Amino acid sequence: MTVSKSALEIWLELVRSLVWPATVIFAIAMFRAQIISLIDRLSSFEGFGVKMMAFQQAAPDARESPPVKKADVVTRGTESFLTETGVRTAIRQGADLAADDEIYRTMRIFSTQSQTTWLAFSKQKVFLLLDDASTRASGLLVQWVLPRDQASPVLARPRSPGLGLLDIGPRKNWLYSTSLFASPEHLQKEITSAIQEGAQATA
C-alpha cells in the first residue's frame, strides 16, 4: 500500500534541501573580506618544493575597453602583451578620459610570464590596467580609475620573495614585482611623484 506524503512532509523536505545552500551563501556574505584575503594570500606560495606563479585577480568593477588592435600587442616569450602605446589607447578608450586630459606617464608595476599590471597617470586621474589573456579577451583591461585627489595614501610593502602589495587610496592589495623597484619606499616615491606631476600640470 502506497502512502502519499502530506503537505507538511513535502514542506519539511523542501526546507531541509534549502538549508545547506542558504548556509553557504550566508557564510560567504559574512566572511567575504576574509575569503578574498585568503585567495590573495594563496595567489603565490611554495609547497612541496614547487613555486606557484603569482596571479593578480581582476577587480569586480573593471571597465570594458574596445577590442585590442594587433598593432598594440607584442609577443614576449610564449605570451602576448600590450605595448605601452596599447596601454595608453586602452585607457583612453575605456576609461572616459576627458577631452582636455592626457596621459603623461605610465609605469609597469607587476610582470610575470602571463600578466602585466600598469599604472597610468593623467592630469586628473590615476588608472590601473591589468593585461593578460583573459582581460584582453573580455575587454576588461582597466581595473580602476581614481581622481588624483583620492589617490592617497600610497603604501607599498613586501609580501613574499619577489612579490609585494600596493595600496593607492581605497584600492588595496595590488601585486607588484619587487624586482622592478629598488625598495617599497622607491615605488611609493615614484607613484607619489607621478601624482604630484599631474597636480603641477593643472596648476
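Taken over the range 47-79, the residue count meeting the criterion of being at pLDDT below 50 and either assigned by TED's automatic domain parsing to the domain that holds Ser179 or surrounded by fewer than 10 Cβ atoms within 10 Å (Cβ to Cβ) (or both) is 4. Going by the conditions given, is Thr135 of a type outside the set (Gly, Ala, Ser), in contact (Cβ under 8 Å) with a residue 24 or more places away in the chain and part of a strand (DSSP E or B)? Judged against the criteria, Thr135 is not a match. Could you look through the range 92-106, keep only residues that are surrounded by fewer than 17 Cβ atoms within 10 Å (Cβ to Cβ) and either of a type in the set (A, V, I, L, M, F, W, C) or under 14 Å from the mean Cα position of the chain (by Cα) (or both), and pick out the one that is farthest from Leu166 (Cα to Cα)? The extreme case among them is Ala99. Among the candidates Ala156, Ala120, Ala182, the residue that is crowded, with 18+ Cβ neighbours inside 10 Å, farther than 29 Å from Pro67 by Cα, small (Gly, Ala, Ser) and free of Cβ contacts under 8 Å to residues at least 40 places away in the same chain is uniquely Ala156. Restricting Lys172, Lys189 to residues that are assigned to a helix (DSSP H, G or I), surrounded by fewer than 20 Cβ atoms within 10 Å (Cβ to Cβ) and among the basic types (Lys, Arg) narrows the list to Lys189. Looking only at the range 136-143, decide whether some residue is of a type outside the set (A, V, I, L, M, F, W, C), surrounded by 19 or more Cβ atoms within 10 Å (Cβ to Cβ) and closer than 24 Å to Glu64 by Cβ. Within the range 136-143, one or more residues are of a type outside the set (A, V, I, L, M, F, W, C), surrounded by 19 or more Cβ atoms within 10 Å (Cβ to Cβ) and closer than 24 Å to Glu64 by Cβ. Remark: pairs (first residue in the range 63-80, in contact (Cβ under 8 Å) with a residue 24 or more places away in the chain; second residue surrounded by fewer than 15 Cβ atoms within 10 Å (Cβ to Cβ) and charged (D, E, K, R); Cβ separation under 9 Å; 6+ apart in sequence or on different chains) = Arg63/Asp96. Scanning the range 137-147 for residues that are more than 15 Å from Asp61 (Cα to Cα) and at pLDDT 95 or above yields one hit, Pro147.
The values are calculated or read from the model by the stated rules, or taken from the named source; none is laboratory data. Computed from a predicted structure; not experimentally measured. Counting neighbours? That spans all protein chains shown, and the Cβs are built from the backbone with ideal geometry, glycine included.
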